[in-house]
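The values are calculated or read from the model by the stated rules, or taken from the named source; none is laboratory data. These numbers were taken from a predicted model, which means no experiment stands behind them. Glycine gets a Cβ as well: all are built from the backbone with ideal geometry, and neighbour counts include every protein chain shown. To get the accessible areas, we keep the full protein, side chains included, count just its heavy atoms, and leave off ligands, DNA and RNA. Shrake-Rupley method; radii C 1.70, N 1.55, O 1.52, S 1.80 Å.
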Amino acid sequence: MSSTTTPPKTDVRPIAWKGSWQEGHVEMLDQLQLPTEEVYHQWTTHKEVAESIRAMIIRGAPAIGIAAAYGMFLGARECWKLGVAPNAALDQIQDVLSRTRPTAVNLFWALERMMTASNKHQHLAEDQPEAFLEAFFTEAQNIHQEDIDNNIAMGALGASLMPENARILTHCNTGGLATGAYGTALGVIRATHAQNKLSMVFADETRPYLQGARLTTWECHKDNIPVTLITDSMAGYFMQQGMIDAVIVGTDRTVANGDVANKIGTYSLAVLCKHHNIPFYVAAPLSTVDLNTPHGDQITIEERSAAEVTHVGTKQLAPDGIEVRHPAFDVTPAELVTAIITEKGIATAPYDQSLAALKNPVQ
Ligand code: MRU
């Protein structure tokens, strides 16, 4: 095994702030157009950011949280530009942003963090609105930068769990595109690759939204990470053939007992891993760990449109009028999870204790 001394590559970025806080904008890579086109949008209002989260122009739990933080800042700046105190409408702005997607806890975590920053600086809002906005903007940027730093730390920790010549199966897209940069589960894969320990990534296509086929393969290709695309139904076959050494996924919300909400199909993979005695890892920045929810059955699962199941793009696959269900996430019980990798350390069962110790360390 050899390790690198060069800083990890963090080129794939779904979101960036461009320009000064007074006049600048949020730039977003349109993930609906990938992998065939790289289109960037410039947003200057909180409603545009909210709509981009809802429409999945930006997606992936940490990236959604970062977008929401910039959305809060844009909303405060809109008020200031109208001559109103920048914190005057933050409750409504938070409400608009919070109604976009229900499962990823990072959205609510980032909104709460921005509200806490607003409360801390509220004494500035009336008389020194510029100072308030500067501090508020800094908090959004901190949320963004911390996510990148945490992914890099998590990558290094997770790579230590991977064997030489690792053949790793992953689900959905958990890379730079789903985060500030670098990625959660794909960050662990990047770090494994940087240590010359990666033989192959098997990327589930991730029906029905195809994040694996459209986005994970795109990212891997961009960064010369060896990747093989498979359909979700092939995972068991490759495990049975002895071709998978580990599975690693991200999470949209991991709750106090260690139950893991992630992209639909994750639970099936964990069950397959149990049967084939393959480690099932979850890469979970602590921003996705929700200790306020005790058990996985309390997680709200987003139900998405039937059209995403009956069609691929504009091509219709199923008859008109057919009954369809489309839960976008599932919950993997903690007992199927080998370890949860966070930026502060690797949690193992009993997760109620190990996650709490990592999230709220005794000083
Ligand atoms: O519906 P999406 O594409 O937002 O779902 C993304 C996932 O399920 C990811 O696995 C998850 O956000 C964790 S990794 C960043």
*List the number of the failed condition for GLU308; all other conditions in (1) surrounded by 12 or more Cβ atoms within 10 Å (Cβ to Cβ); (2) not in a helix (DSSP H, G or I) hold.*
(2)
_Qualifying residue in segment 50-70 (condition: in contact with a His (Cβ under 9 Å, 6 or more places away or on another chain), among the charged types (D, E, K, R) and in contact (Cβ under 8 Å) with a residue 12 or more places away in the chain)_ = no
*Taking interchain pairs and intrachain pairs at least six residues apart, which have beta carbon atoms under 7 angstrom, with the first residue in segment 213-232 and in the same structural domain as SER268 (by TED's automatic domain parsing) and of a type in the set (A, V, I, L, M) and the second part of a strand (DSSP E or B) and open to solvent by 40 Å² or more (accessible area, probe 1.4 Å)?*
ALA213/LEU229
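Sort through GLN42, GLN22 and tell me the only one that's open to solvent by 40 Å² or more (accessible area, probe 1.4 Å) and touching a His at 6+ places or on another chain (Cβ under 7 Å).
On the way: GLN22 fails: touching a His at 6+ places or on another chain (Cβ under 7 Å).
It is GLN42.
If only one of ALA256, ALA270 is away from the ligand (no atom under 14 Å from the Cβ), of a type outside the set (Lys, Arg) and on the phi < 0 side of the Ramachandran plot, which one is it? First the steps, then the outcome.
Numbers: ALA270 fails: away from the ligand (no atom under 14 Å from the Cβ).
Exactly one residue qualifies, and that residue is ALA256.
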*asked:* Based on this model, can you work out whether LEU74 counts as more than 16 Å from TRP17 (Cβ to Cβ) and either open to solvent by less than 10 Å² (accessible area, probe 1.4 Å) or more than 16 Å from the ligand (Cβ to nearest atom) (or both)?
replied: no
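Condition check ((1) under 20 Å from the mean Cα position of the chain (by Cα); (2) within 16 Å of the ligand (Cβ to nearest atom); (3) not polar (S, T, N, Q)) across all residues:
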site: GLU51; (1), (2), (3): yes, yes, yes
site: ILE57; (1), (2), (3): yes, yes, yes
site: ALA68; (1), (2), (3): yes, yes, yes
site: ASN87; (1), (2), (3): no, no, no
site: ASP95; (1), (2), (3): no, no, yes
site: LEU107; (1), (2), (3): yes, yes, yes
site: ALA110; (1), (2), (3): yes, yes, yes
site: THR116; (1), (2), (3): no, no, no
*asked:* I'd like to verify a number: residues in segment 313-335 that are in contact (Cβ under 8 Å) with a residue 60 or more places away in the chain and away from the ligand (no atom under 16 Å from the Cβ), how many?
replied: 2
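What residue, among those in segment 264-277 that are touching a strand residue (DSSP E or B) at 6+ places or on another chain (Cβ under 6 Å) and open to solvent by 10 Å² or more (accessible area, probe 1.4 Å), is nearest to LEU336 (Cα to Cα)? Spell out the reasoning first.
Here is the first cut: in segment 264-277, the ones touching a strand residue (DSSP E or B) at 6+ places or on another chain (Cβ under 6 Å) are 264, 266-267, 269-270, 273.
Filter once more, so that each one left must be open to solvent by 10 Å² or more (accessible area, probe 1.4 Å): 264, 267.
Working: ILE264: 16, TYR267: 9 Å.
Filtering first and then ranking leaves TYR267.
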*Residues of segment 140-196 being crowded, with 24+ Cβ neighbours inside 10 Å, assigned to a strand (DSSP E or B) and over 12 Å from the mean Cα position of the chain (by Cα), which ones?*
ILE168, LEU169, THR170
*What pairs can you find where one residue is in segment 104-129 and within 22 Å of ILE58 (Cα to Cα), the other is surrounded by fewer than 19 Cβ atoms within 10 Å (Cβ to Cβ), and their Cβ atoms are less than 6 Å apart, with a gap of 6+ or different chains?*
LEU111/SER98
*Kindly indicate which of HIS41, HIS25 is of a type outside the set (Gly, Ala, Ser), touching a Ser or Thr at 6+ places or on another chain (Cβ under 6 Å) and away from the ligand (no atom under 12 Å from the Cβ).*
HIS25
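Where in segment 201-292 are there strands (runs of 3 or more DSSP E), lying fully within it, with 3 or more residues that are farther than 28 Å from GLU164 by Cβ? Step through it out loud before you land on a result.
Details: elements: 227-230, 246-249, 253-255, 260-263, 280-283.
The qualifying strands (runs of 3 or more DSSP E) are 253-255.
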_Pair list, Cβ < 7 Å and 6+ apart or interchain, from segment 177-195 residues that are of a type in the set (Phe, Trp, Tyr) to residues that are open to solvent by 10 Å² or more (accessible area, probe 1.4 Å)_ = TYR182/PRO8; TYR182/THR10; TYR182/ILE152; TYR182/ARG190
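Here is a yes/no grid of residues against (1) within 20 Å of ALA61 (Cα to Cα); (2) in contact with a Ser or Thr (Cβ under 6 Å, 6 or more places away or on another chain); (3) assigned by TED's automatic domain parsing to the domain that holds ASN106:
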| residue | (1), (2), (3) |
| --- | --- |
| VAL247 | yes, no, no |
| GLY265 | yes, no, no |
| LEU272 | no, no, no |
| THR310 | no, no, no |
| LYS315 | no, no, no |
| ALA318 | no, yes, no |
*Collect the residues in segment 51-61 that are closer than 22 Å to ALA261 by Cβ, in a helix (DSSP H, G or I) and open to solvent by 10 Å² or more (accessible area, probe 1.4 Å), keeping them in residue-number order.*
ARG54
*Could you list, in sequence order, the residues of segment 216-241 that are open to solvent by 100 Å² or more (accessible area, probe 1.4 Å) and over 22 Å from the mean Cα position of the chain (by Cα)?*
SER233, TYR237, GLN240
